[in-house]
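**Q** Sharing a structure below in structure tokens format, with a few things to ask.
The values are calculated or read from the model by the stated rules, or taken from the named source; none is laboratory data. Computed from a predicted structure; not experimentally measured. When we count neighbours, we look across all protein chains shown, and the Cβ atoms used for this are built from the backbone with ideal geometry, even at glycine.
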Amino acid sequence: MAVSGNVSPAVIQTKGLTKKYGSLTAVDHLDLTVYKGEVFGLLGPNGAGKTTTTLMLLGLAEPDGGEAVINGLDAAKASIEVKRKVGYLPDNVGFYSDMTGRENLRFTGRLCGLEGEALEQRIEELLARVNMTEAGDKRAGTYSRGMRQRLGIADVLMKDPEVIIMDEPTLGIDPEGIRELMWLIRDLAEKDGRTILLSSHQLHQVQRVCDRMGIFVHGKMIACGTLEELGREIAHEGAGTLELSAYPDNIKLRDVIKGMNGVLEIEKNSDMYVIRSAFDIRRALSKELAEQGYTILHLRQAGSDLDEIYRKYFEKAGEEGGTDDHTGEK
Amino acid sequence: MEQTITQEKSKQRDHHILKVLFEKETADFINGKRMLLFILLMALITVTGLYAAVSGLSDAIEGGSSSADFLFLKLFTVSANSIPSYNSLMALMGPFIGIFMGFDAINSERTEGTLNRLVSQPLYRDNIIIGKFLAGIFITTVMVFSSGLLIAAAGILATGIIPTGAEAMRLMIYLCFCVIYIGFWLAVAILFSTVCRHAATSALACIAVWLFCAIFVSLLAGILADAFYPVGGNDMESLMNEMKNYYCAQNINRLSPYYLFGEASATLLNPSVRSVNAVTMTQLSGALVSTLSVGQSVLLVWPHLTALAALMLVAFAVSYVSFMRQEIRAR
């Protein structure tokens, strides 16, 4: 359910948001808009300034320039109002280990102004939603990381937020846990209509769940859009990349490919040829190979998946911004 | 009009959040394993003090001191053989209670990863640290008063001494002093817990400060006083310096809360103490041998009380400011 930006109002909006730590610029004039009901992925390597950005959106860190507006409220000035509407799931969320999961939720609920019957009801509801009803009376110290993360989501939902910000939600969770988590995140956006901003450096999970994403390097957003838009932008850059494997895989195959019009470069890794070409040669290539008596086992345009996009953008950013190592995040 | 209503509302919410935090911290103290340690420590102080009082009391009476009428207060100050009195135990061990309570107040939340979850709730950040401090003070108050009143009760039962109103009042003021004294150490411990990243570092730093105040300040005071006003020579000047030397050492000593508490508690628990400073023979001439009333004793230690309370508030204010300025990140 990709929400088109023209219809829904903007929920999160930053204008020229900047944060400096000494000489290091962690976030550099960030302009970001997230619309209501969408899942937005903030992608970038460690130290790109993702956590700093999320902290500024919550008013937990003061920006050195620009502003972050959530639901029409300035995050730095109306911090309490913003925090009432925005749930934050930090990277590696922690709970009071001597208290049970239920007690932890009760504490959060009371901080958010819930009491009595309404509070208990909400706790049960949320525990059921994150599938933690049975573990609710165990001490939080005994929880696994995946359980902590799920309890974290219940904790965030205690205040019934309109916006949820998640920092590296999939880090250190097993594949099954990630699948459940992604399903839950989609559910939060689609069923409840909440806006979700998640930051990650794990591309595949994000690819599955996000409506739109922004690629974030060295404090700058270098690209933003849906997966297709990002892929298209890459494709326009020039060379397309093909993956090919064919039978029989003999020496002549290489020559046949090389002889094609438009092929720039061929690389062989294990049983796959990676072909770079000046334009799309898929049609011509398959025809040619069929004529020569080859059977195509695999032919795929690379660049349409996030890994490729990611790599491309990082290459670009590396060329522009130099390769100095930024380690400001942790 | 509308603005005042919203202000009123946000004030109420603020109080509500502080109450929730306070209750949680208090429950944490009471349910935690640390509480066992507190109770053990407090029981040790109480039992030892009581033992010293009961076994040393008869000697004190036979000694025929002039203040035999204030026997009830002697329960807290009398020591027997090598067993220290309740008061000196409190001066020495009280800081430990404060330090144990506060040394990991903030940094344990940070390492557990609960702090950034907490600050992302709709609350002002200062409520967190105020809640912790108030909960600590509350627990301290309960413990100090119960142990003090326990000694009083046991003393009454064991010796049959009935306290006068003045004595009971002195005891109450003394116990309040104990709370402020421990509160100071709690504030210091919270300060280190905001500044140090690791609980162990902050505990060691607190203990270092405590050792410095309890032992090294008096050594330092003597050395400095001797350096400024040398005494012990046979010339006129060293004779003249005698008094200045004493005052200089005393003033430096009074920077230490340990010394402040010692002086104040001695004055409060012993009505025959008439002055906390040196008194010359001229000042004493014509003075009657008598005891001070409660009001006069309190007047005497009022500066100590304000100084101790001020030290506590300064320590807390510094930790408050450093906590407010800190950026809270994931662990």
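**Q** Mind telling me which of the residues A:Ile257, A:Ile185, A:Ile266, A:Ile178 ends up being of a type in the set (Val, Ile, Thr) and assigned to a strand (DSSP E or B)?
**A** Only one candidate qualifies: A:Ile266.
**Q** Does region A:21-36 hold any residues that are outside any strand (DSSP E or B) and closer than 16 Å to A:Leu57 by Cβ, and which are they?
**A** Matches in region A:21-36: A:Lys36 only.
**Q** Within region A:184-202, work out how many residues are surrounded by fewer than 19 Cβ atoms within 10 Å (Cβ to Cβ) and under 12 Å from the mean Cα position of the chain (by Cα).
**A** 2
**Q** Determine which single condition B:Thr164 fails, assuming it passes every other condition in (1) hydroxyl-bearing (Ser, Thr, Tyr); (2) more than 22 Å from B:Trp302 (Cα to Cα); (3) in contact (Cβ under 8 Å) with a residue 40 or more places away in the chain; (4) in contact with a Ser or Thr (Cβ under 9 Å, 6 or more places away or on another chain).
**A** (4)
**Q** Continuing with this model, one more query. Taking into account only those residues within region A:75-97 that are more than 7 Å from every other protein chain (Cβ to nearest Cβ) and either touching a His at 6+ places or on another chain (Cβ under 9 Å) or assigned to a loop (DSSP other than H, G, I, E, B) (or both), which is surrounded by the fewest Cβ atoms within 10 Å (Cβ to Cβ)?
**A** A:Lys77
**Q** Considering each of A:Glu117, A:Glu162 in turn, give the residue that is within 14 Å of another protein chain (Cβ to nearest Cβ), over 16 Å from the mean Cα position of the chain (by Cα) and closer than 27 Å to B:His15 by Cβ.
**A** Among A:Glu117, A:Glu162, only A:Glu162 is within 14 Å of another protein chain (Cβ to nearest Cβ), over 16 Å from the mean Cα position of the chain (by Cα) and closer than 27 Å to B:His15 by Cβ.
**Q** How about region B:196-245: which of its residues are in contact (Cβ under 8 Å) with a residue 40 or more places away in the chain and of a type in the set (Lys, Arg)?
**A** Within region B:196-245, just B:Arg197 meets the criteria.
**Q** Run down B:Ala203, B:Ala208, B:Ala166, B:Ala152 and say which single residue is surrounded by fewer than 17 Cβ atoms within 10 Å (Cβ to Cβ) and either in contact with a Leu (Cβ under 6 Å, 6 or more places away or on another chain) or part of a helix (DSSP H, G or I) (or both).
**A** Exactly one residue qualifies, and that residue is B:Ala208.
**Q** Please work out which residue is farthest from B:Asn127 (Cα to Cα), limiting yourself to region B:276-331 and to residues that are assigned to a helix (DSSP H, G or I) and within 14 Å of another protein chain (Cβ to nearest Cβ).
**A** Of everything passing the filter in region B:276-331, B:Arg325 is farthest from B:Asn127 (Cα to Cα).
**Q** Which condition does B:Ser297 not pass, out of (1) in contact (Cβ under 8 Å) with a residue 24 or more places away in the chain; (2) closer than 30 Å to B:Thr164 by Cα; (3) among the small types (Gly, Ala, Ser); (4) surrounded by fewer than 16 Cβ atoms within 10 Å (Cβ to Cβ), if it passes all the others?
**A** Looking at each condition in turn, B:Ser297 falls short on (4).
**Q** Kindly list the number of the only condition in (1) at pLDDT below 85; (2) within 27 Å of A:Ala189 (Cβ to Cβ); (3) more than 14 Å from chain B (Cβ to nearest Cβ) that fails for A:Val39.
**A** (1)
**Q** Could you list, in sequence order, the residues of region B:7-31 that are among the acidic types (Asp, Glu) and either more than 11 Å from chain A (Cβ to nearest Cβ) or in contact with a Gly (Cβ under 7 Å, 6 or more places away or on another chain) (or both)?
**A** The answer is B:Glu8, B:Glu25.
**Q** Take A:Val130 and decide whether it is away from chain B (no Cβ under 11 Å), among the hydrophobic types (A, V, I, L, M, F, W, C) and touching a residue at least 40 places away in the same chain (Cβ under 8 Å).
**A** Taking the combined requirement at face value, the residue satisfies it.
**Q** Continuing with the same structure: Would you mind finding the one in A:Ala302, A:Ala278, A:Ala290 that is at pLDDT 80 or above and not assigned by TED's automatic domain parsing to the domain that holds A:Asp167?
**A** Within the list A:Ala302, A:Ala278, A:Ala290, the selection yields A:Ala290.
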